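Student: Below are the structure tokens for one structure; questions will follow.
Any read-out appearing in this document is the output of simple, stated calculations on the displayed coordinates, not a laboratory observation. As the structure is a prediction and not an experimental result, all values here were calculated from the model. In this analysis, Cβ positions are derived from the backbone assuming ideal geometry, glycine residues included, and neighbour counts consider all displayed protein chains.
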Amino acid sequence: MDAFGCRKLQPDRIGVSMPAQVALFVTCIVDQLFPDVGMAMASVLERAGCSLIFPPDQTCCGQPAFNSGYREEAGKVARHFLNVFKDAEHIVIPSGSCTAMVSHHFHDLFPDDPEVHRLAHRTWEFSQYLTEVLKVEDVGAKMDGVVTYHDSCHALRELKIKDGPRRLLSHVRGLELREMDVAEECCGFGGTFSIKFPEISGGMARTKIDSILRTGASAVVSIDSSCLMQLDGALRRGKHPVRAMHLAEVLACQ
Amino acid sequence: MPMTSAGMQKTLANPELQLAVYTATGRLMDKRKAAVDSELLPEYQELRTHANALKQHTVDNLDWYLEEFERNVEAHGGKVIWCETGAEVANFVLELAKKRDLKLIVKSKSMTTEEIDFNEHVEQHGLEAVETDLGEYILQLAAQKPYHIVAPALHMTRYEVADVFTAKLGVERETVPEKQTMIARRVLREKFLAADIGITGANFLIADSGAIVLVENEGNARLSSSAPKIHIAVAGIEKLIPRAQDLGVFLRLLGRSATGQHLTSYTSFLAGPRRAGEADGPEEFYVVLLDNGRTKLLDKPERRQSLFCIRCGACLNHCPVYRKIGGHNYPWIYSGPIGAIITPQFHGTAKDPWLPFASSLCGACGEVCPVKIDIPKLLLDLRSDVVESRGNTVERLAFRMWAAVMANPALYRTAGDFASMTGTSERKWKDSSSMLAVGPVKAWLSQRDLPGPAPKTFRQLWKERAK
Amino acid sequence: MSAARQAILGRVRSALKRAPGAPPPPPPPVRLHAFPTSLEERIEQFSTALGKLNGVTKVVSSESEAQLYIDGVVAGRTFCTAASTRDEIVRADVGVSGVDYGLADTGTLVTLSASDPRLVSLLPPTHIAVLDASRLLSTLDELLQLLPQPALQTASMVLITGPSRTADIEQILVRGVHGPGELHVVMIR
């Protein structure tokens, strides 16, 4: 059992096996700071019938450099990504912002590369993969408690992800989802924005925290670890007993 | 490293101001949402696409439409005055006033005239230019600049308004907004009736009609363009749309996006001075077409969309950064996301290089823009411009090194393993007293806690799992 | 031909790579969607929409009934009409004017300066508009289909949607800032 009272899952197939093999791109932030999120995502995908590979040479999608205006540097990292994943059939990512980088912004870096276009069509954010490709909404999860959901910006506005995660959460036995009144407002992370304009970033986080606290939820759920890092950091600074959990961690609970 | 200005910090630390701005913009957001609701306006997305296409076409053929507009203004008895700079606009008005011995100007809300500091220019030469929009009038008395494109005095409380009126008008202190409004109405009514010249902006310039369109709620634009003998409309060259019939698209978007109104109280379509047989209206009608740098934004085709803006203010209302720092912490008269993309294009990226970075790239602005300006994309493009213009900085070096590590799996693994060695089996969330609090880490820790590296990376865990 | 005109057009053409006088490709088509509704529906819609804005709609069946209503609103105060002088309009409490069209979906009145003075519906604090129901259109789109070139008809066409208003002070709604705070529409059908 972990601190939240959630029993770590054992893979247990509940869905239909997909012919395509899923290549995991866990993202640098998950690899280095939140590896449990990656493990949880893997468990859920296996439970849903996927066979997984983890290309070991993966690193980053290049987003931090791209968002800071360093296109040449971002291009180097993106090119490496393209090499690592060139033979992958399906690529699944536990992050809306990294998925959007690959599917929307690689095109800005390499406008004439047809491989980039093909890659965009084989890349999904984790919740999207479940609901739109595997067509699974009930992954057999169980977790008692009240949570609220934060719509991470890239997922919401670039990938148009809004209902999918909510539908997935609605099938988690024992779980109640309470909407905060500002679910769609930015958490204030924005990559280097959080350290270039920390006071503004912090102010934005606190506005979200106030809203989260008003729901009475014991956890805020999101599909982006960067948002969760921002919100969790602010929650801990304010000494609030509210957890920040990735959707994969919730869905992995049994 | 932090780029937050002292002004921004002051605004962030002012709870009353924070509440005023957050509440006001929140209300405008809600009103807009109700007005573009998919049941009430199912064609909303289609209208946006159409408006974008109309603006794209017009801007791509701007010279044609400018000339068509001028021909039609003249056909209806008006005159077009072309001005490259704000000084030329002021000079035109000053010369006109001097020739005819005119003294008093009434002005209705025009961001374009704010852009060129019109009032200051003409007042230096002895003319009186009175703002007649209630919010702008209050600001003129308080010697402040507009806080928001549509709601200029969004940041002021009724008590601050009372202070301004007492100090500048010598009236008894009055804090009730309805009564404050009536005070302004009384004072300004006299000005309208005595004014020699009425100066307005223009929300749209209609090429096929030689007409301007004024969108308002108070009636001051109608009065400024109807009561005095001379009406001068000042507009940027990008305000053109091809046909009067295109108003069906634009008017259905503007009010809803700005304030949630289906149509504002008054929409005036004005083509030239009064005609034979008409009982009132101006005897002279001028449209000043202003460049002031707009032609620069035409150079790059992918950036022309910056000129599509119909000044609805929706992007400001939805911007979490604007809602925290307010309109006075932007370097130019245009604030919020639209200000962030046009300011560097007008003034060059060297002047306020921080501006394109003062955004979390949340994308809310692009989502609500009625003419579908891709503001987030332009912010990213401008960031790239800033970086390229600066050559090799410490930050560039850092990103070069970062990219070298990220493009090399062996280096990345070594760096990751090293970092995770500093973690412990129990995750430590460092607060600001930690010794590692330098530079970016310090900036992060000033606002929130930070997780240390995980004891094992995902890659290590995955390897173990396979065993 | 001013120097500024030449310079501006020159810069525009150079940026757009367009030759002087080169006709543009066809613009996106005009988009006007007007759906026919019955007069009853339109009157109902108009009253509701204007009512939401605090305007009053009075439907009457004759000009004498209209006059009765107008007299009731004026109630002995000074009023002005299209026949009044400017001074009379400035001093009047009530302005009575005809309007050229109505737009049902938004509760809008359309007034052309070719038909009525501008200031009668603008200066006095109360405006009574008289509209023939046969001129009540369904939407702005229908108006623009009917009048594709308003500039040919009139120097000024104003769409009046409710009383004058502002929310510039603390977002509190105040009516009658510069234009009329009270609006009555007498619809003769």
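Student: Provide the per-residue ³J(HN,Hα) series for the range B:67-73, in order, calculated from phi with Karplus coefficients 6.51, -1.76, 1.60 and θ = phi - 60°, each as a whole number of Hz, with x at glycine and proline positions.
Tutor: Karplus values, whole Hz, x for Gly and Pro: 5, 4, 4, 4, 4, 6, 4.
Student: While we're on this one: Ignoring trypsin sites (Lys or Arg not before Pro) that are buried or in helix or strand per DSSP, and keeping those with at most 16 other beta carbon atoms within 10 Å, what is the longest stretch of chain A between them? List each step's numbers first, then the result.
Tutor: On the way: sites that count: A:R7, A:K8, A:R13, A:K86, A:R122, A:K135, A:K160, A:K162, A:R178, A:K239.
Counting only loop sites that pass the neighbour cut-off, the longest clear stretch is A:14-85.
Student: Also, quick follow-up: Using a 10 Å cut-off around each Cβ of peptide A:104-110, what is the average number of partner chain Cβ atoms that fall inside?
Tutor: 1
Student: ³J(HN,Hα) across the range C:142-154 via Karplus (A = 6.51, B = -1.76, C = 1.60, θ = phi - 60°), whole Hz, x for Gly/Pro?
Tutor: 5, 4, 6, 6, 6, 10, x, 10, x, 4, 6, 9, 7
Student: Does the range B:42-295 come out rounded, prolate or oblate, given a ≥ b ≥ c as the square roots of the eigenvalues of its C-alpha gyration tensor, rounded meaning a/c under 1.5 and, failing that, prolate meaning a/b above b/c?
Tutor: Numbers: a/c = 1.76, a/b = 1.28, b/c = 1.37.
Judged from the Cα gyration tensor, the range B:42-295 comes out oblate (a/c at least 1.5, b/c at or above a/b).
Student: For the modelled label position 7 Å from the Cα of B:L193 along Cα-to-Cβ, which residues of the range C:57-98 have backbone nitrogen atoms closer than 17 Å?
Tutor: Counting only backbone N, you get C:78-81, C:84-96.
Student: Within a Cβ distance under 10 Å of C:N54, other residues only, what is the Lys/Arg minus Asp/Glu net charge?
Tutor: +2
Student: Computed over the Cα atoms, what is the radius of gyration of the protein assembly as shown divided by 2.2 N^0.38 Å, N being its residue count?
Tutor: Working it through for the protein assembly as shown, the quotient is 1.04.
Student: Let me ask another. Taking just the alpha-carbon atoms of chain B, what radius of gyration and Dmax come out, in angstrom?
Tutor: 26.2, 95
Student: Where a ≥ b ≥ c are the square roots of the eigenvalues of the C-alpha gyration tensor, would you call the range C:33-188 rounded, which needs a/c under 1.5, or, failing that, prolate if a/b is larger than b/c, or oblate?
Tutor: Working: a/c = 1.33, a/b = 1.27, b/c = 1.05.
The shape class here is rounded.
Student: Please identify every one of the trypsin sites (Lys or Arg not before Pro) in the range B:166-218 that sits in a loop by DSSP and has no more than 11 other beta carbons within 10 Å of its own beta carbon.
Tutor: Here the sparse-neighbourhood loop sites are B:R173.
Student: What are the ³J(HN,Hα) values, in whole Hz, obtained from phi via the Karplus relation 6.51 cos²θ - 1.76 cosθ + 1.60 with θ = phi - 60°, for each residue of the range B:453-461 in sequence order, with x given for Gly and Pro?
Tutor: Karplus-based 3J(HN,Hα) across the range B:453-461 equals x, 5, x, 10, 6, 4, 4, 5, 4 Hz.
Student: Expected output is a single nm value to one decimal: the length gained when fully extending between B:K442 and B:N392, i.e. 0.36 nm times separation in residues minus the C-alpha distance. What is it? Before the final figure, lay out the partial values.
Tutor: Details: separation 50, 0.36 × 50 = 18.00 nm, distance 2.39 nm.
That pair, B:K442 and B:N392, stretches by 15.6 nm at full extension.
Student: Spit out the partnerless Cys residues in chain B, using Cβ distances under 4.7 Å as the pairing rule.
Tutor: Unpaired cysteines in chain B: B:C83, B:C309, B:C312, B:C319, B:C369.
Student: To the nearest 0.05, how large is the calculated FRET efficiency for B:A410 and A:H117 if R₀ is 25 Å and r is the Cβ-Cβ distance?
Tutor: 0.25
Student: Can you compute the label reach from C:S62? Point 7 Å from Cα along the Cβ direction, backbone N cut-off under 20 Å, restricted to the range C:154-189.
Tutor: Hits in the range C:154-189 for C:S62 at 20 Å: C:186-189.
Student: To the nearest 0.05, what FRET efficiency results for B:Q45 and A:D163 with a Förster distance of 22 Å applied to their C-beta separation?
Tutor: The pair B:Q45/A:D163 has a calculated efficiency of 0.80.
Student: A further question on this structure: Enumerate lysine pairs in chain A that are 8 or more residues apart or on different chains, then count those whose Cα atoms are under 20 Å apart.
Tutor: Taking the Cα cut-off of 20 Å, the pair count is 7.
Student: By the scheme Lys and Arg +1, Asp and Glu -1, what is the net charge of all other residues having a beta-carbon under 14 Å from that of B:P273?
Tutor: After counting each charged neighbour, the total is 0.
Student: A:T148's amide H: which non-local residues (gap 5+, or another chain) put their own amide H closer than 5 Å, with H modeled 1.01 Å from N in plane and none for Pro or chain starts?
Tutor: A:R178, A:A219, A:V220, A:V221
Student: Another question, if that's okay. Suppose a student asked you for the relative contact order of the range A:137-252, using Cα pairs under 8 Å spaced at least 6 residues apart; what percent would you report?
Tutor: Details: 193 pairs, mean separation 36.2, N = 116.
This gives 31 percent for the range A:137-252.
Student: Report, by chain and number, residues whose modeled amide H sits under 5 Å from the one on C:I188, excluding near sequence neighbours (fewer than 5 apart, same chain).
Tutor: So C:I188 has HN proximity to C:V60, C:L131, C:D132, C:A133.
Student: Mind checking the full-extension length gain between C:Q153 and C:L173? Use 0.36 nm per residue of separation minus the Cα-Cα distance, one decimal, nm.
Tutor: Contour length minus Cα-Cα distance gives 3.7 nm.
Student: Same structure, new question: Once you order the gyration tensor axes a ≥ b ≥ c over the Cα atoms, which shape class does the range B:96-231 get: rounded for a/c under 1.5, otherwise prolate or oblate by comparing a/b with b/c?
Tutor: In terms of gyration-tensor shape, prolate.
Student: Below 8 Å between Cα atoms, with a sequence gap of 6+, how large is the relative contact order for the range A:20-114 in percent? It would help to have the intermediate numbers written out before the result.
Tutor: Values: 107 pairs, mean separation 35.6, N = 95.
Here the relative contact order equals 37 percent.
Student: How much net charge surrounds C:V73 when only the other residues with a Cβ under 12 Å from the Cβ of C:V73 are counted, with Lys and Arg +1 and Asp and Glu -1?
Tutor: That sum, taken over residues with Cβ under 12 Å, equals -1.
Student: For A:E89 and A:H171 in the same chain, what is the full-extension length gain: residue separation times 0.36 nm, less their Cα-Cα distance, in nm?
Tutor: Extra length from A:E89 to A:H171 when fully extended: 26.7 nm.
Student: Listed here are the pairs B:K33/B:K377; B:K300/C:K17; B:K31/C:K58; B:K10/B:K145; which of them are more than 21 Å apart at the Cα?
Tutor: As for pairs spanning more than 21 Å Cα to Cα, those are B:K33/B:K377; B:K31/C:K58.
Student: Considering amide H positions built from the backbone, and no H for Pro or chain starts, which residues 5 or more places from B:L240, or on another chain, come under 5 Å of its amide H?
Tutor: B:L205
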